[in-house]
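So the structure is just underneath, and the comments pick up after that.
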2 protein chains.
Amino acid sequence: MDLNAQSVEAIVRRIVAQMEGAVPADKPIPVGISNRHIHLTRADLDTLFGTGYELTPIKDLSQPGQYACKEQCTIIGPSMRAIEGVRILGPLRKQSQVEISATDSFTLKVKPPVRESGSLAGSAPITIVGPKGVVTLKEGCIIANRHIHMAPEDAAAFGVKDGDTIDVDAFSGTKRTRWFDVQIRVSDQFRLEMHVDTDDANAVGFKNGSTVTVVK
Amino acid sequence: MDLNAQSVEAIVRRIVAQMEGAVPADKPIPVGISNRHIHLTRADLDTLFGTGYELTPIKDLSQPGQYACKEQCTIIGPSMRAIEGVRILGPLRKQSQVEISATDSFTLKVKPPVRESGSLAGSAPITIVGPKGVVTLKEGCIIANRHIHMAPEDAAAFGVKDGDTIDVDAFSGTKRTRWFDVQIRVSDQFRLEMHVDTDDANAVGFKNGSTVTVVK
């Protein structure tokens, strides 16, 4: 561990929070498994589905205000092999983004970096095919990093703050694993949940409903 | 950690081996990534490819005596979705075995246990389709466990013995991860190499040539 002022502060805050008994340090954190998906801008939705098209929400996601849509697209990369039925998530965003797994990246022959959602500078190009048109993003394809959404109360309880990274034990599947460098994302719009992609989930035998615990 | 006579013995032997300087405890162990593959019996090879058919080796594998063959089959499960081009590995074995990833298991809708190669009692059924016939195994489909092949000299150097389990850090990819419960397999026919499946490899961004280190 590289000890600097920032990491020392983070550790001390976690120890103090645990000493204060705000939350048991081994409180299980529920895990949500993110399949490949697409976020779109207004302009790209127009191109793919027609000008003025409105998304059709079919399911609320665990994070408040986020929803899965009926609409799906095909994504395609330099391999010229397509992955069909990629779900669009709403609401619309300021920049279009395609989140895939490393497994998908070999199918498509794209080389997405592991990134926080929304951090797209220099990420991989990808082509999205919709019923009314095609969009080629110069950048926007990423493998989402491992991260935990939490509300400010949870963050206080765990003794962490937005942007911290922690390590968690994934012991509730079939292959015991520790995930390091898990990013903490705090917002009063968030509900406590760790998000991993299908590669991480499948590697450890996780299903929706699996949990992780913070490494002390 | 559950301390009993066996685990204490294993730990002491590792410490002694490290004290004797036989091998640095952080010596990197090369990783081989196992894609889905098939091992066949003589009888099943006859059924799939014709009586008396001989496999065509095209590439030696890292473990001495093991080789990839030109021959491939299609595997299929209760989803009625097929995975094509599944490589056969030689030589022939006493029991046919299909090793897939958890990701594959969702495609096929089979439920293989995580197992050591060859430990097939109660494992999942699967159907193998060849050019001359079809074989349905009542059991034989597994997700291979994480394991490390080593020669007796390596085992002595690391202070482990056949059947031990150790933990390793997978830090040479894109997402830092610790793999627990990695099985040690010792034989004078083995070369030092950790084997993981494509789910584990993709989850951490490993390629052939990636390495792990033993957790002290």
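The values are calculated or read from the model by the stated rules, or taken from the named source; none is laboratory data. Being a predicted model, the structure only gives us computed values, none of them experimental. Heads up, the Cβs are rebuilt from the backbone with ideal geometry, glycines too, and the neighbour counts pull from every protein chain shown. SASA here: full protein model, heavy atoms, side chains in, ligands and nucleic acids out. Shrake-Rupley method; radii C 1.70, N 1.55, O 1.52, S 1.80 Å.
Screening A:Arg191 with (1) over 16 Å from the mean Cα position of the chain (by Cα); (2) open to solvent by 20 Å² or more (accessible area, probe 1.4 Å) gives one miss only, at (1).
For the range B:156-167, a tally of residues being out of contact with any strand residue (DSSP E or B) (no Cβ under 7 Å at 6 or more places or on another chain) and part of a loop (DSSP other than H, G, I, E, B) returns 1. Which numbered condition in (1) modelled with pLDDT under 95; (2) part of a helix (DSSP H, G or I) is the only one that A:Leu45 fails? So the condition that A:Leu45 fails would be (1).
Scan the range B:134-155 for residues that are of a type in the set (D, E, K, R) and either assigned to a loop (DSSP other than H, G, I, E, B) or surrounded by 19 or more Cβ atoms within 10 Å (Cβ to Cβ) (or both) and report the count. Even if it seems obvious, please write down each step before you answer.
Looking only at the range B:134-155, we keep the residues that are of a type in the set (D, E, K, R), and these are B:138-139, B:146, B:153-154.
Filter once more, keeping what is either assigned to a loop (DSSP other than H, G, I, E, B) or surrounded by 19 or more Cβ atoms within 10 Å (Cβ to Cβ) (or both): B:146, B:154.
Summing the residues that are of a type in the set (D, E, K, R) and either assigned to a loop (DSSP other than H, G, I, E, B) or surrounded by 19 or more Cβ atoms within 10 Å (Cβ to Cβ) (or both) in the range B:134-155 gives 2.
Say we look at the range B:156-172 and pick out the residues that are open to solvent by 30 Å² or more (accessible area, probe 1.4 Å), at pLDDT 95 or above and touching a helix residue (DSSP H, G or I) at 6+ places or on another chain (Cβ under 8 Å); which of these is farthest from B:Leu61 (Cα to Cα)? Among them, the one singled out is B:Lys161. On the basis of being within 14 Å of chain A (Cβ to nearest Cβ) and among the hydroxyl-bearing types (Ser, Thr, Tyr), does B:Thr136 make the cut? For B:Thr136, the condition - within 14 Å of chain A (Cβ to nearest Cβ) and among the hydroxyl-bearing types (Ser, Thr, Tyr) - is not met. Among the residues of the range A:60-71, are any more than 15 Å from the chain's Cα centre (by Cα), open to solvent by less than 10 Å² (accessible area, probe 1.4 Å) and modelled with pLDDT of 95 or more? Yes; the residues of the range A:60-71 include at least one that is more than 15 Å from the chain's Cα centre (by Cα), open to solvent by less than 10 Å² (accessible area, probe 1.4 Å) and modelled with pLDDT of 95 or more. For the range A:94-130, residues that are among the β-branched types (Val, Ile, Thr) and under 18 Å from A:Ala201 (Cα atoms) total 3. Filtered by the rule that a residue be in contact with a Gly (Cβ under 9 Å, 6 or more places away or on another chain), within 14 Å of chain B (Cβ to nearest Cβ) and among the basic types (Lys, Arg), the range A:168-203 gives a lone residue, A:Lys175.
Checking each residue in the range A:204-216 for being open to solvent by less than 40 Å² (accessible area, probe 1.4 Å) and more than 14 Å from chain B (Cβ to nearest Cβ) picks out only A:Val214.
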